[in-house]
């Protein structure tokens, strides 16, 4: 005969089991309920924040980037000819906005200053309820905004940033970079340097004295020494210097036969023409022609440097004269809208905005952890760089890197760089662990 | 010791109300979000401190941003090494920037006028260059000093606080997070205290001595009054205010970048003080708010927003108005600020505070005017 006897112990057990059973659904649905995140646009507007330098030393590149973002919003919303929306594969965007709703945007001026960049990003997040912030022209801006966005739980798609740190020791779960980096520049340029200038060279580095300059100097030094080159000296120059003659004079008697300028922006626009005017390129050293290399090139800088850029080798993330479908579509759309071909700064901004929108469409939600997972490991093609992957372990895009040379006979003001080769994606892929850093958690903070 | 004159007490009460109700009255101006209001409070502290030096002694320091930077870096290092609590960080920031000001002041104050300005500018630019490149192990250079999850934080380790945080640790005030509105109110309370302190200094014999130095230092010296300790004290106090402001910048947003020490930032605080009114209590605060408002709100207006705002106008007119106005907003915000600065310096040398006084005087005259008319009317 079965008797139902309840003592205190079974009662407690039963109660415990009951609580677990009742609580279980809550644990499973917790994800769904936890989806009230920073600036959830479900009931409001979908706002993208475009934060670029509009004043200060990099204003020109910043304004180009901003124009490209505005174009990207038009294309996402189905206005204009659609640009790269026609060439991106695979694509989830339908040309009717994101998740069926139109995208709006706000803009800000970073003044090429980390504090102002963070002020701008906070305004976009706190006041304008931006769901995503994007844009930068220096690594300082990018890293500052990226770490802020991690704290606020808003995704940050960086613009032009070339330092290894952005996806290296300062990488963040909420930050993504499409642009290439100094390490990839070094790896990409090395075989072309060997081919053009041989493996028996003595290099002299002039390096802008800040984080980006150092990482680039290190990357290029490692890559060229692996070729068999010798590094004669690495000299740091202060940022924003106008006159480089005191740094160029020692190069003449150093026994070096290649000068490597780890300069960007105004530094490069000043140092390269001065080096050429110094007659360095007409010299002979160690029985060879003296050469100058600028590892990181941009067409705006090339225009600024004028005649001096002819024949100089460097690397680039993208170039408007490439002949793939994506590049053609973007160059056409941008040219029709603004009357000039886009720069790589514009290109990377445009691509980042489209990639974010597409990731939201694929994830089916704006909930950042889902969007991040949609971007991590995403393989795509048709954005002007050939097959590309967003690596999940450091949020760096891997794609071909262009090696370019200053055009000897430019046919127009914009035709300043020739693509002399591409280094494959496999060659520029590296182990994510070499730079350290950690991405941090997926779960968004409440802002 | 803590007493104030009746006039100052009223001023303090009005000031406190204005500061604490910022979230309400800034809303129609599009500026009532924590990030900007924190900046309003912090830069007001910076300007108040600067005014103690410039407004009272007349010594124009062109390198005050250096102290702001030193305060910021000290705070982030205190977060990294000691504790995520803001109190030790603030105390350290004020002490370190005070010592830094003592050293720079000791050398710079040997000269007056333009030479003093140039000396402070040179020191500040030196600090900036050091922070940007040479001292990168300490300052992290261009990237800026950031917190990391595996920082030692020895005090927190001893007390076992903040042991299990998923992401980056957040600054706290005795266990309470200081982000968003809490952060603003923390800054606001410190701003009111700073304002009170500056009132006390303005009203004290020490303040009177500083004013004496401003009007004629040579005469002060001839009467047997040693001015050096006074100017140095004013310089250090003002440096400590800047350090406190720098600390608050790092507390509300734990990152310290070298750009904070750039000469443009030093120039900014001079502009703030001159715009508002040099040597007045309210002036620097108003100037700081105005400049930060322009920098953050005007710079964010783009042609799209202008087009929406003027959509009521006929097409051609709208296009024209938007084209003209767009030159003054967005990337042109500095142009607007520059124009305003020129107008104020030319027409209101005493800054906006002088403008306010003139306006009030005119109102009073208008009120009095009818009486005068009636009194001069001949009696019947």
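The values are calculated or read from the model by the stated rules, or taken from the named source; none is laboratory data. Note that the structure is a prediction, hence the values are computed from the model and not measured. Note that we place each Cβ from the backbone using ideal geometry, even for glycine, and neighbour counts take in every protein chain shown.
See the values below:
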quantity: Number of the condition not met by residue A:146 [criteria: (1) outside any loop (DSSP other than H, G, I, E, B); (2) touching a residue at least 40 places away in the same chain (Cβ under 8 Å); (3) more than 7 Å from chain B (Cβ to nearest Cβ); (4) within 25 Å of residue A:296 (Cα to Cα)]; calculated: (2)
quantity: Pair list, Cβ < 6 Å and 6+ apart or interchain, from the range B:105-131 residues that are within 14 Å of another protein chain (Cβ to nearest Cβ) to residues that are part of a loop (DSSP other than H, G, I, E, B) and modelled with pLDDT under 95; calculated: B:128/B:262
quantity: Residues being assigned to a helix (DSSP H, G or I) and more than 20 Å from residue B:248 (Cβ to Cβ) - total across the range B:94-127; calculated: 20
quantity: Residue among B:159, B:79, B:92 that is in contact with a helix residue (DSSP H, G or I) (Cβ under 9 Å, 6 or more places away or on another chain) and either within 14 Å of chain A (Cβ to nearest Cβ) or surrounded by fewer than 19 Cβ atoms within 10 Å (Cβ to Cβ) (or both); calculated: B:79
quantity: Qualifying position, being closer than 30 Å to residue A:239 by Cβ, touching a helix residue (DSSP H, G or I) at 6+ places or on another chain (Cβ under 6 Å), surrounded by fewer than 24 Cβ atoms within 10 Å (Cβ to Cβ) and not assigned by TED's automatic domain parsing to the domain that holds residue A:163, among A:276, A:309; calculated: A:276
quantity: Yes/no for residue A:78 being more than 14 Å from every other protein chain (Cβ to nearest Cβ), touching a strand residue (DSSP E or B) at 6+ places or on another chain (Cβ under 8 Å) and without any contact (Cβ under 8 Å) to a residue 60 or more places away in the chain; calculated: no
quantity: Qualifying residue in the range A:193-208 (condition: in contact with a strand residue (DSSP E or B) (Cβ under 8 Å, 6 or more places away or on another chain), over 27 Å from residue A:287 (Cα atoms) and either surrounded by fewer than 24 Cβ atoms within 10 Å (Cβ to Cβ) or not assigned by TED's automatic domain parsing to the domain that holds residue A:57 (or both)); calculated: yes
quantity: Residue in the range B:175-182 that is crowded, with 20+ Cβ neighbours inside 10 Å and either within 26 Å of the chain's Cα centre (by Cα) or within 14 Å of another protein chain (Cβ to nearest Cβ) (or both) present; calculated: yes
quantity: Top-ranked residue in the range A:176-197 [being under 10 Å from the mean Cα position of the chain (by Cα) and farther than 12 Å from residue A:315 by Cβ; ranked as farthest from the other protein chains (Cβ to nearest Cβ)]; calculated: A:178
quantity: Close pairs (7 angstrom Cβ cut-off, 6 or more residues apart or separate chains): within 14 Å of another protein chain (Cβ to nearest Cβ) in the range A:236-256, assigned to a strand (DSSP E or B) and surrounded by 14 or more Cβ atoms within 10 Å (Cβ to Cβ) anywhere; calculated: A:236/A:207; A:237/A:206; A:237/A:207; A:237/A:208; A:239/A:208
quantity: Scan of the range A:97-109 for residues that are more than 30 Å from residue B:299 (Cα to Cα) and touching a residue at least 12 places away in the same chain (Cβ under 8 Å), ordered by number; calculated: A:99
quantity: Where residue B:331 falls short, out of the listed (1) at pLDDT below 85; (2) more than 10 Å from chain A (Cβ to nearest Cβ); (3) not in a loop (DSSP other than H, G, I, E, B); calculated: (2)
quantity: Residue satisfying all of: in the range A:85-133; surrounded by fewer than 22 Cβ atoms within 10 Å (Cβ to Cβ) and in a helix (DSSP H, G or I); modelled with the lowest pLDDT among these; calculated: A:126
quantity: The range A:403-447 - residue that is part of a helix (DSSP H, G or I) and exposed (fewer than 15 other Cβ atoms within 10 Å of the Cβ) and, of those, nearest to the other protein chains (Cβ to nearest Cβ); calculated: A:433
